[in-house]
Each structure stands twice: as C-alpha cells, then as structure tokens.
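In what follows, a single structure is set out as structure tokens and then discussed.
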Amino acid sequence: MAGDEMARKELVRRHSGVVRLTHWVNVVAMLVLLMSGLQIFNAHPALYWGHASTFADPWLSVRKVEIGDQPRGITAIGSLTLDTTGLLGWSGPEGRREQRAFPSWSTIPSWRDLAIGRRWHFFFAWVFVANLALYWAWSLAGGHLRRDLLPTRAQLRPDHLAHEIAAHARLRFAKGDAARTYNVIQKLAYLSVVAVLLPLMVATGLSMSPGFNATVPGLVDLFGGRQSARTIHFLAASGLVLFVAVHLALVVLSGPWNGVRSMITGRYAIVREGDRS
Amino acid sequence: MTLDRRRWLSAAGAALGSAWLAGCDRLATNSTFTGVLRVAERWTKGAQRLVTDRNALAREFSRAEISRDFRANGTLRPQDPEYVALVAENFAGYRLVIDGLVEQPLALTLAEVRAAPARTQVTRHDCVEGWSSIGEWTGARLSALLDRARLKPEARYIVLHCADTLDPYATDGAGRYYESIDLVDAYHPQTILAYAMNGATLPVRHGAPLRLRVERQLGYKHAKYVMRVEAVASLEGIGRGQGGFWPDRGYEWYAGI
C-alpha cells in the first residue's frame, strides 16, 4: 500500500526506569502472592462476611462431595452450586485426583503445605509492599501520576469516553503521536490497580493479622471484620487476575513485541503514517 | 496475528508456565531458599512490635457476638494415659507446675489457679487455616502466676508443656504439643491460662483444664491441656528447637500474622 511506504518508524522513550523496574518486580511478587495465597485459601476453602466464621453458611465454598459413588468438586456461591470437578474441589490427573479447592498447578507449593505457602506469601508480601512504596514515592515526587496517569478534563468528557470505549471494543489502537501517552481507558485501568486494588490488598491483608488488629483496630472494622477482610482480599485478588488477563490480551493484540520491549528497554516504536515534516 | 505466531506464543507461554511451576516446587524444598524466606518472620515481628504498644489490647467483643459454632482444632480428646486418668477424676489430682528459671517453683491445684488474679475477655480466635470464632474466656493472668514464682533475670521465654500427643508417629519424641511465648506476650494483660469458656468450665475439646490465651497471635499459639509452665533462656533442646509443635513443622514461631 502506498501509505505503508510513507510510514516512518520512530522509537520513543515510553516507560521510565522506575516504572519498568517496579513493573517486573511486581509481576514476580504478585504471581507468587497469588499462588501462595491460593495455597492458604485451600487450608479453609470457604469465605464469610463479618468478624467470625459462620461455618454452616459461608457465602462461598469449594468442597468435595460424593454424588452416588462419584466424588465431585462442588463450588457454591450463595445459593448457586456449580460442578467444578477437575478444576475446583476435586482435581488432578484421572485416577490420582485429590480433594483440594484450587488445583495443584495453581498453588505454591504444588502439594498441600500451608506452612510453606505462608512463608512464601509473607516474604513476597514484604517485596510487594516495598515495591509498591517505591512506585508511589516516585509517581508522586517524579510526576508520573500527574503527567501520565491522571486523566485530563477533556479525556473524561462522556463523548470522548464513549469514543475510546468503542475504539477499544473494535481493537483499534492508537497510532502516531496519540500512542505516545496512555489513553483514558488505560489511565483509569492503571489507576484502579495502583491506587485502589493494590493498596486494598495490603490493607485487607494486614486486617487479617491479629497482631496488627491490636495496633490499628479501626482498619479491620472498616472492612466489617476479619472474615469480611478475608473475603475482600479474595475479591480484590480476583479483580487483579481479571485485570492481568485483559492486560495480557491487549498486549498481545496491540503488538506484543513492541509492548514488551517498551517495558524492558523503555523504547516504543511509533509508526507515523504519511508524516512529511 | 498469523497462526504460526499464535502457536509460537502459546508454546512459549506453556514452556514458561511449567518452568515456573517446577522452579517454585524445587525452591520450596531448598533449605537455603526457605532460610531466606524465614527472614520475613523477623521483619514482621520487628515491624509489629515497633508500631504496637506492648500492652495494646486485642479487640474485645460483646457477649451477643459469641460464636455458637466455635470450632475446636488440634487434639480434641487426648488419649495420653496421664491425661485420661486426670479426666476420670475430674482433674482432682491436677497440678499446674511452674518451674525452670524461677526462684520459687510452684505446683498449683486448679482451685489455687482459680483463686489467682483473673481476667474475663470476649475475643476473636483466628486459626492459621483462615477461620475465626468468637468466645468468652476466663482465666488466671499468666503475669500474676509468673510473679508468684519470681522469674530469674535470665528467663527469656515461657514454654507451655501440654498433655496431648498430636503426632503419635514422631520418632524423635517431639510428638507432644507445646508452645512458647516471649516475656512481652507472657506479661500482656490479656494473656491468661483459661479455665472457663463462655461462662462454663472449659470443655475437653477446647483444652481442659487450662489453655493459654495469647490474643494477639494465631490459634496454634493458644496451647491446650497445659500441664507445665517452664521459664527458659533458650528454646533449643525443647522439641525440635523451633519453640512449638507447629513451629517445629515449618510454621512461624511469631504468629502475629
């Protein structure tokens, strides 16, 4: 095509060193926290609201149930029960299936060991918190938050939002100078992660600590009690898993090499179509 | 995206995934790596002690909030002969031994424990597995008992020796339950040896005749069936040396999180 001949590739600096470093540290920390967290969840695969557990009446539970002579994995959410055999409750290779809420490929370690899961979880929680603190200190002091993440007034106008949503739905990604900065959907998604979900993980995690409860009793009460905090910890983690799934899909669809390179070297290729200047 | 590239991407993803899983499992059994992970326990304890007043109380609840389904864990009915004999006579011959690094070793009857300065508290019990139950506990303040025995200055930990064998298959003699706390927790106002639960005599499955309550830590620290309180300078040489039945099996000694 004629346009392609005139297109010029230009490498621009997209991500700062701190963003790239904290991004990859966060990838490792969050993956370990998720998988060791599922190991911890497996020790008591039920969730409740309030201060204490109501064992007969969890709002979510994953169990193994014998139906006839068949063991089945049953996941119950409220009054809804789902047969999740093979994935949740009863999983593993045929003939060597075992009772476990989340399957062995999703937990650290792969076998059932709460003590090891907790050791990994709390070590990487420190890594995660230090990393998040570095990111926030730099974002506030270095201007990353104001410059790159906060949407402009114009971006928040309903017609612009609608236009961006429609463009995303058709998988049309920004080109040229528009690709130098985050679009409004990116900004809102990243903000909801770094400003809401990640701090919420820390706060709900601390709220499950009986030691920390004595330090700041108000925090666990803010979430409605320790079992509520555990529930919100699980839900916020689920939200992060959902974010990562969409994030990875969009990286692949928008050109994985360019995206991954920009998060490693900081350089991002922009294609200028018909640029004669 | 071409089919080739898609196939390449999924193959790379699968390879990366299985390498990650195998790597994690290998690290989980590597003693150097698990040794590194263990420093987190020191950081957590240090940070919590730094920001928490040593007498800061665990939250107390109202009687209306008491769980009607308070779960019992660990040993539910010890089969150890000495304990079975004690239950048979309703703990008439029971003596709480307080010894080790103390000036005045004691052997107290249950009546004497009940006559000691006491505290009643409605608190939340948090199991390491993740569940919580709320119960009311009445017991003798451990600080008062230790003061009566007069701790020697070199005492650093209080070891709770229990009546129950939780791991009958342990070949090294470390199958009996025990726990330990440091003096900060031993002298905390809510740290008691409870003899009553929810207004009634402590039931066997919850640790009769005496169980430790150390409210700012997880459930496994709350040793049941306490027979002997020993003041020591070091936890070495007790059990497998990690300060408790579960700490000997990989769990944190400091269970504030």
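The values are calculated or read from the model by the stated rules, or taken from the named source; none is laboratory data. None of the values given here were measured: they were computed from a predicted structure. So basically every Cβ, Gly included, is an ideal-geometry build from the backbone, and we count neighbours across all protein chains shown.
Give me the residue from the range A:115-141 that is crowded, with 20+ Cβ neighbours inside 10 Å and either β-branched (Val, Ile, Thr) or over 17 Å from residue A:198 (Cα atoms) (or both) and, out of that set, farthest from the other protein chains (Cβ to nearest Cβ).
A:117
List the number of the failed condition for residue B:237; all other conditions in (1) more than 14 Å from every other protein chain (Cβ to nearest Cβ); (2) surrounded by fewer than 24 Cβ atoms within 10 Å (Cβ to Cβ); (3) at negative phi; (4) assigned to a loop (DSSP other than H, G, I, E, B) hold.
Unmet for residue B:237, out of (1) more than 14 Å from every other protein chain (Cβ to nearest Cβ); (2) surrounded by fewer than 24 Cβ atoms within 10 Å (Cβ to Cβ); (3) at negative phi; (4) assigned to a loop (DSSP other than H, G, I, E, B): (3).
Does residue A:185 qualify as being touching a Leu at 6+ places or on another chain (Cβ under 9 Å) and β-branched (Val, Ile, Thr)?
yes
When residues of the range A:68-122 are filtered for being acidic (Asp, Glu) and in contact (Cβ under 8 Å) with a residue 24 or more places away in the chain, how many remain?
Going through the range A:68-122 one residue at a time, the tally reaches 1.
Among the helices (runs of 4 or more DSSP H) lying completely within the range A:195-263, list those that include at least 2 residues that are of a type in the set (S, T, N, Q) and surrounded by 15 or more Cβ atoms within 10 Å (Cβ to Cβ).
Fully inside the range A:195-263 and qualifying: A:198-207, A:210-215, A:226-253.
Looking at A:158, A:217, which is the one that is within 14 Å of chain B (Cβ to nearest Cβ) and either more than 21 Å from the chain's Cα centre (by Cα) or within 30 Å of residue B:250 (Cβ to Cβ) (or both)?
The match here is A:217.
For the range B:43-61, enumerate the residues that are over 19 Å from residue B:186 (Cα atoms) and touching a strand residue (DSSP E or B) at 6+ places or on another chain (Cβ under 7 Å).
B:61
Looking at (1) closer than 23 Å to residue B:257 by Cα; (2) touching a residue at least 24 places away in the same chain (Cβ under 8 Å); (3) more than 10 Å from every other protein chain (Cβ to nearest Cβ), which one does residue B:44 not meet, given that it meets all the others?
Unmet for residue B:44, out of (1) closer than 23 Å to residue B:257 by Cα; (2) touching a residue at least 24 places away in the same chain (Cβ under 8 Å); (3) more than 10 Å from every other protein chain (Cβ to nearest Cβ): (3).
State the number of residues belonging to the range B:106-122 that are surrounded by 14 or more Cβ atoms within 10 Å (Cβ to Cβ), in contact with a helix residue (DSSP H, G or I) (Cβ under 9 Å, 6 or more places away or on another chain) and not in a strand (DSSP E or B).
The total comes to 2.
Taking the conditions exactly as written (exposed (fewer than 13 other Cβ atoms within 10 Å of the Cβ), among the basic types (Lys, Arg) and farther than 21 Å from residue B:208 by Cα), does residue B:26 satisfy them or not?
yes
Every residue in the range B:210-229 that is part of a loop (DSSP other than H, G, I, E, B) and closer than 23 Å to residue B:54 by Cβ, please.
B:214, B:215, B:216, B:217, B:218, B:222, B:223
Mind listing whichever residues of the range B:67-90 are in contact (Cβ under 8 Å) with a residue 12 or more places away in the chain and either on the phi > 0 side of the Ramachandran plot or not hydrophobic (A, V, I, L, M, F, W, C) (or both)?
B:67, B:69, B:71, B:73, B:74, B:75, B:77, B:78, B:79, B:80, B:82, B:83
Restrict the check to the range B:91-101 and report whether at least one residue is farther than 22 Å from residue B:181 by Cβ, loosely packed, with under 14 Cβ neighbours inside 10 Å and either without any contact (Cβ under 8 Å) to a residue 60 or more places away in the chain or more than 14 Å from chain A (Cβ to nearest Cβ) (or both).
Scanning the range B:91-101, I find at least one residue that is farther than 22 Å from residue B:181 by Cβ, loosely packed, with under 14 Cβ neighbours inside 10 Å and either without any contact (Cβ under 8 Å) to a residue 60 or more places away in the chain or more than 14 Å from chain A (Cβ to nearest Cβ) (or both), so the answer is yes.
Quick test for you: out of A:14, A:8, pick the one residue that is under 29 Å from residue A:191 (Cβ atoms), touching a strand residue (DSSP E or B) at 6+ places or on another chain (Cβ under 8 Å) and at pLDDT below 95.
A:14
What residue, of B:71, B:54, is in a loop (DSSP other than H, G, I, E, B), basic (Lys, Arg) and facing another protein chain (nearest Cβ under 9 Å)?
B:71
I need a count of the residues in the range A:25-67 that are outside any loop (DSSP other than H, G, I, E, B) and within 14 Å of chain B (Cβ to nearest Cβ).
22
So, in the range B:1-42, exactly how many residues are in contact with a helix residue (DSSP H, G or I) (Cβ under 6 Å, 6 or more places away or on another chain) and closer than 25 Å to residue B:185 by Cα?
Going through the range B:1-42 one residue at a time, the tally reaches 2.
Being of a type in the set (Lys, Arg), part of a helix (DSSP H, G or I) and in contact with a Ser or Thr (Cβ under 8 Å, 6 or more places away or on another chain): is that true of residue A:146 here?
No, not satisfied.
Can you pull out the residues in the range A:87-110 that are within 24 Å of the chain's Cα centre (by Cα) and either away from chain B (no Cβ under 14 Å) or not β-branched (Val, Ile, Thr) (or both)?
Hits for the range A:87-110 are A:87, A:88, A:89, A:100, A:101, A:102, A:103, A:104, A:105, A:106, A:109, A:110.
Taking residue B:207 as the residue in question, decide whether it is in contact (Cβ under 8 Å) with a residue 60 or more places away in the chain, under 13 Å from the mean Cα position of the chain (by Cα) and crowded, with 19+ Cβ neighbours inside 10 Å.
In short, no.
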